Structure formats: C-alpha cells, structure tokens
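Down below is the structure, laid out as structure tokens.
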C-alpha cells in the first residue's frame, strides 16, 4: 500500500485532548497514565513526514461545536464516538472472525433500536459488548450454549465523565427480543459511572 501511495509529506490524525491526557506518563505532574492511545506517541524519533493534528487541544464536545460552526451535517456532528482499535476492544478475551461477526450483528441491532426511538443523539455512546462468558439455555427443543451479550449506553456533557443512560424499558425489551431471536439467551446491561474512559471495557488483551 505504501508503494502505491508513493512519497508522503504529511500524516493527519484526529487526535483529541482527552487522548493526550489519558496517555500522559505517570512521572508527569499533569496526570497519571490511564491508558496508551494508538494515536499518541509510538512514532519513530526521526520521521520523513510532518504530523498534523488540528484537533489535538480540543475536547470532544468542542470538536462537535466546531463542526456545527463549519456547517457540517447533524449526522456527521452527532455521530457517536467509535474506538480507534475497532470492535476488538469490545470483545472480552480472544478476538477472532466469528466473535467479530457476532458483535457486528448485535451492535447493529442496539443502534438500530436506539435510533428508532429517537435516542441516538441524546446519548453520548451506546454499543454492545461480547463477553467471554457462555451460558446454557434452551431454544425450542434444543440445548444451547452461547455467549452473554452486554449493552452499554451513557450520557455525557463534557466527554470526560459519563453517567449510565436510563434507557426506556420498551427500548430494552425490543433490543432484548431481537438479540435473543439471533440465537442468544442472555443479555445484560452495564451500569457504571465513567470518570474518563468512554471507549468501553478493556478486553483484557495487552494491546488495548
């Protein structure tokens, strides 16, 4: 791919200030290291290109406001954050193709129902998590052994702290019914208050 692109003078990244704050080393006076972001650090000391990060000192809510001022569509401005490492960070334990396909389908159901109820733009983040726990159930006359699926939805005013969203029971009911019809028998909702990390739970692997 690099050969097809040819020489490159600039590398543009969407790094935000929370990424920088969370990645600060523990020996700094500014903050304790919370986690290492894929887009903060890790570059060779000498590069033949210039790093461009126009949003580096803006918080997520400020980026949204900038998008509004620039006349971007509501769909673009209010799109929920998605982790740089992708869905792998929302899979507990080992990551493989089968688990990714399961999570893609389940996550689509969650977002589809939340949008249908007009809740999408009221939430800061909403998504599914594929746990590493499997439970026994019965579907029809058959015994099943499937992964437990969790869903998380949060609200946030400053994109640095978050509170769990009080989703309507009707919404949760439809999400649950559709996911169970996909072959799962256990669905849980995650309740916790987040102080900084809005990406979701770590999958326990060293690279996340």
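Residue check: residue 19 meets all listed conditions (1) in a helix (DSSP H, G or I); (2) within 21 Å of the chain's Cα centre (by Cα); (3) at pLDDT 80 or above but one, namely (3).
Looking at the range 130-142, is at least one residue within 29 Å of residue 16 (Cα to Cα) and either out of contact with any strand residue (DSSP E or B) (no Cβ under 8 Å at 6 or more places or on another chain) or in contact (Cβ under 8 Å) with a residue 12 or more places away in the chain (or both)? Within the range 130-142, one or more residues are within 29 Å of residue 16 (Cα to Cα) and either out of contact with any strand residue (DSSP E or B) (no Cβ under 8 Å at 6 or more places or on another chain) or in contact (Cβ under 8 Å) with a residue 12 or more places away in the chain (or both).
When the criteria are applied in full, residue 158 fails the requirement of being assigned to a loop (DSSP other than H, G, I, E, B), out of contact with any helix residue (DSSP H, G or I) (no Cβ under 9 Å at 6 or more places or on another chain) and either modelled with pLDDT under 85 or more than 30 Å from residue 58 (Cα to Cα) (or both). When the range 83-107 is filtered for residues that are within 23 Å of residue 166 (Cβ to Cβ) and free of Cβ contacts under 8 Å to residues at least 24 places away in the same chain, only 107 remains. Count of the range 162-177 residues, restricted to those that are within 18 Å of residue 124 (Cβ to Cβ) and loosely packed, with under 15 Cβ neighbours inside 10 Å, is 3. Restricting the first member to the range 169-183 and to residues that are touching a residue at least 12 places away in the same chain (Cβ under 8 Å), and the second to residues that are in a loop (DSSP other than H, G, I, E, B), the beta-carbon pairs closer than 7 Å and six or more apart or on different chains are 171/117; 171/119. Looking only at the range 102-126, residues that are touching a strand residue (DSSP E or B) at 6+ places or on another chain (Cβ under 6 Å) and either at positive phi or not in a helix (DSSP H, G or I) (or both) come to 4 in all.
Working only within the range 73-82, note down all residues that are surrounded by fewer than 16 Cβ atoms within 10 Å (Cβ to Cβ), part of a helix (DSSP H, G or I) and free of Cβ contacts under 8 Å to residues at least 24 places away in the same chain. Hits for the range 73-82 are 75, 76.
In the condition set (1) crowded, with 18+ Cβ neighbours inside 10 Å; (2) out of contact with any helix residue (DSSP H, G or I) (no Cβ under 8 Å at 6 or more places or on another chain); (3) part of a strand (DSSP E or B), residue 129 is compliant with all but (2). Of all residues in the range 83-93, those that are in contact with a strand residue (DSSP E or B) (Cβ under 8 Å, 6 or more places away or on another chain) and either assigned to a strand (DSSP E or B) or farther than 27 Å from residue 170 by Cα (or both) total 3.
The values are calculated or read from the model by the stated rules, or taken from the named source; none is laboratory data. For clarity, every value in this text was computed on a predicted model and none was experimentally measured. Ideal geometry is used to build each Cβ from the backbone, glycine not excepted, and the neighbour counts take in all protein chains shown.
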